[in-house]
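Inspection log for the structure reproduced underneath, given as structure tokens.
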């Protein structure tokens, strides 16, 4: 990374973004990745360790291919910047295909340029919740399932006849006599 160090408002904003990073959440995500991939690596939630493990995108691509085989056709093994970014982008695309929403996904630069590691953790947590959908272990709270209700026409018509007292009543109250905007009489 050959970026100039941030200063002023940009530095303050970046510090706020970095302050949201949680080592506990990162550690939980790394343990989940280790369990799914059956690989041995340090699961320390330290930001440096998290970044070093995931920055080239290869481990992320193997993860997405384990959950949904064939998601990333070719995993780039080169350490050249654009090849690594291609891996990261392939992972993000695959994660979205697995059901991770756009709001939970991260931008390639968030990881590659270490701009926002917290958003990477959020994306991996979202993917981790979906693990059981793909026959793998999952992390975090179980996702809710749809509870669609069907009503018959008869039930819908019966609802129209109910006199709804929940709406309340103003008992004849009106705004007569209100005096907003009048001049002040001295």
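Counting residues in segment 40-47 that are closer than 24 Å to residue 86 by Cα, surrounded by 20 or more Cβ atoms within 10 Å (Cβ to Cβ) and either under 21 Å from the mean Cα position of the chain (by Cα) or at pLDDT 90 or above (or both) gives zero. Against the definition (crowded, with 17+ Cβ neighbours inside 10 Å, out of contact with any helix residue (DSSP H, G or I) (no Cβ under 8 Å at 6 or more places or on another chain) and free of Cβ contacts under 8 Å to residues at least 40 places away in the same chain), how does residue 86 come out, yes or no? When the stated conditions are applied, residue 86 passes them. Is there any pair with a first residue in segment 1-17 that is closer than 18 Å to residue 111 by Cα and a second that is at pLDDT below 75 and assigned to a helix (DSSP H, G or I) whose Cβ atoms are under 7 Å apart and which are 6 or more apart or on different chains, and what are they? The qualifying pairs are 6/14. Only one of the numbered conditions (1) surrounded by 17 or more Cβ atoms within 10 Å (Cβ to Cβ); (2) in a helix (DSSP H, G or I); (3) touching a residue at least 24 places away in the same chain (Cβ under 8 Å) is violated by residue 51, and that is (1).
Scanning segment 102-136 for residues that are under 22 Å from residue 18 (Cα atoms), outside any helix (DSSP H, G or I) and without any contact (Cβ under 8 Å) to a residue 60 or more places away in the chain turns up 102, 103, 104, 105, 106, 107.
Evaluating residue 69 against the criteria (1) part of a helix (DSSP H, G or I); (2) within 18 Å of residue 137 (Cα to Cα) leaves one unmet condition, (1). Residue selection: residue 62 satisfies the criterion of being closer than 24 Å to residue 131 by Cα and either in a loop (DSSP other than H, G, I, E, B) or at pLDDT 90 or above (or both).
The values are calculated or read from the model by the stated rules, or taken from the named source; none is laboratory data. Just so it is clear, the model here is predicted, and its values are computed rather than measured. No Cβ is skipped: glycine too gets one built from the backbone with ideal geometry, and neighbour counts run over all protein chains shown.
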